[in-house]
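Participant: My questions all concern the structure below.
Any read-out appearing in this document is the output of simple, stated calculations on the displayed coordinates, not a laboratory observation. Worth saying up front: this structure is predicted, and the values here are computed from it rather than measured. Glycine also receives a Cβ, built like all others from the backbone with ideal geometry; neighbour counts cover every protein chain displayed.
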Amino acid sequence: MATVSLRNIKKTYSNGFKAIHNLNLEIEDGEMIVLVGPSGCGKSTSLRMVAGLEATSEGDLYIGDKRVNDLEPSERDIAMVFQNYALYPHMSVARNMGYGLKNQGLPRDEIRRKVEKAARVLEIEHLLDNKPKQLSGGQRQRVAMGRAIVRNPKVFLFDEPLSNLDAKLRVQMRIEIKRLQQEFATTAIYVTHDQVEAMTLADRLVVMNGGKVEQVGPPLDLYEKPETQFVAGFLGSPGMNFMPARIQGQALLVQGDHRIDLPDMAELAQWDGRDITFGVRPEHLEACSEAEADFHLKVDIIEPLGADTLLYGHLPGSDSLMIAEQPGKRRYTRGDVVPLRVDRERLHLFDAETEQRLN
Ligand code: ATP
């Protein structure tokens, strides 16, 4: 069993920079946690503290029921997969994969058996005698994974392992990592700034911003009910549309004069007079008849993606950008004015000042 607990973890670098403010996270046995957020938010720092590559400034770090703050990386029973693979160039694939086991003093036969087994799982058996430079990027990544797997660690730590691969290979390896993690049911912490990777891999997502956790939860929960405007804007591609709004009776007045009637939202009255940010995802703006329209989008740019078409434009009389995602089968031309209706079940309201979710 390998739970991982981060309790009141803080990190201040020697130059005085506070990289992590107060991180609390309980990771379950076999769970895949993904830390995601923009560059500099503290994802790698957090992972490196779990690995023991960076000391914590405050707080307690547990793997299972053992406090590991003062243990060396090699004593923590973790295996880390990096973006640059960190393979030894002069060693064969087999020796690269078995290196950690050799250091642990395991007999040669046993190392060979474990390496071959992992190579079979990763479908790189035919490459065992090759040197890293004879491998493609994807194959090197598999070797790096193999080296982690053979050690049968309590926890896998992944630091942007796919960021050096091309787009197609990334998707392939992403699925592979998910398959392996499910098969081995090993607790894993995965760091990425790619929100698609984060959404697809995570059992639970941890969205970080400026050294703090914004929200933790299953990916779809965060997508559907982001607690802050930051999480709402970070997850989803293209991103959520945001517009200033106010309440008037049972309606929202968006950007001054676009009226969205919300008769079913009883809580509306309590925010009367407050500055609100209204948010709606591009896929929750549906083309509709004139009579049903909440907005009219004047289309500037059309991106046909096949299954869907993205319409980029602005509301007449406003210069703020709005994006709507429509089914791909309908054709649009530049300059079209498209009547759009907001899906009432999927709209988001945030306090304009605190950026916290209201509804
Ligand atoms: P990225 O996606 O760019 O790797 P990240 O979220 O992983 O970003 P970290 O590498 O954890 O971010 O860095 C968090 C913050 O701490 C950044 O502002 C970074 O500049 C700072 N930082 C990282 N290492 C050090 C260090 N050794 N000394 C001082 N500041 C550091």
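Participant: For the chain, what is the relative contact order in percent, using Cα pairs closer than 8 Å and at least 6 residues apart in sequence?
Facilitator: On the way: 721 pairs, mean separation 54.2, N = 359.
Averaging sequence separation for qualifying contacts and normalising by length gives 15 percent for the chain.
Participant: Before anything else, pin down the relative contact order of segment 93-200: Cα pairs under 8 Å, at least 6 apart, normalised by residue count, whole percent.
Facilitator: Values: 89 pairs, mean separation 29.4, N = 108.
Here the relative contact order equals 27 percent.
Participant: Return the lysines within reach of Lys133: Cα separation strictly under 24 angstrom, same-chain partners fewer than 8 residues apart disregarded; answer none if there are no such residues.
Facilitator: By straight Cα distance, Lys133 reaches Lys102, Lys114, Lys117, Lys168.
Participant: For the chain, what does the helix formula give at 222 nm: sum of -39500 (n - 2.57) over DSSP H segments with n ≥ 4, over the residue count, nearest 500 deg cm²/dmol?
Facilitator: Numbers: 8 runs with 86 residues, N = 359.
Computed mean residue ellipticity for the chain: -7000 deg cm²/dmol.
Participant: A further question on this structure: Give the separation of the Cα centroids, segment 219-298 to segment 90-122, in Å.
Facilitator: Each part reduced to its Cα centre gives a spacing of 55 Å.
Participant: Taking the chain, how much of its Cα-Cα pair set, in percent, is spaced more than 27 angstrom apart? Present the calculation step by step, with values, prior to reporting the outcome.
Facilitator: On the way: 36281 of 64261 pairs.
Roughly 56 percent, rounded to a whole number.
Participant: Can you bin every Cα-Cα distance in segment 38-192 into 10 Å intervals starting at zero and give me the percent of pairs per bin, rounded to whole numbers?
Facilitator: 10, 39, 36, 13, 1
Participant: On a 27 Å Cα-Cα criterion, which of the cross-link pairs Lys298/Lys329; Lys154/Lys225; Lys18/Lys154 come out too long?
Facilitator: Details: Lys298/Lys329 19 Å; Lys154/Lys225 32 Å; Lys18/Lys154 29 Å.
The answer is Lys154/Lys225; Lys18/Lys154.
Participant: I would also like to ask the following. Along the three principal axes, how long is segment 241-351 when you take its alpha carbons, biggest first, rounded to the nearest angstrom?
Facilitator: Over segment 241-351, Cα extents along the principal axes are 43, 25, 25 Å.
Participant: Would you work out which of Gly146, Leu157, Cys288 lies farthest towards the positive end of the dipole of the chain, given +1 charges on the beta-carbon of Lys and Arg and -1 on that of Asp and Glu, about the Cα centre?
Facilitator: About the Cα centre, the residue reaching furthest to the positive side is Gly146.
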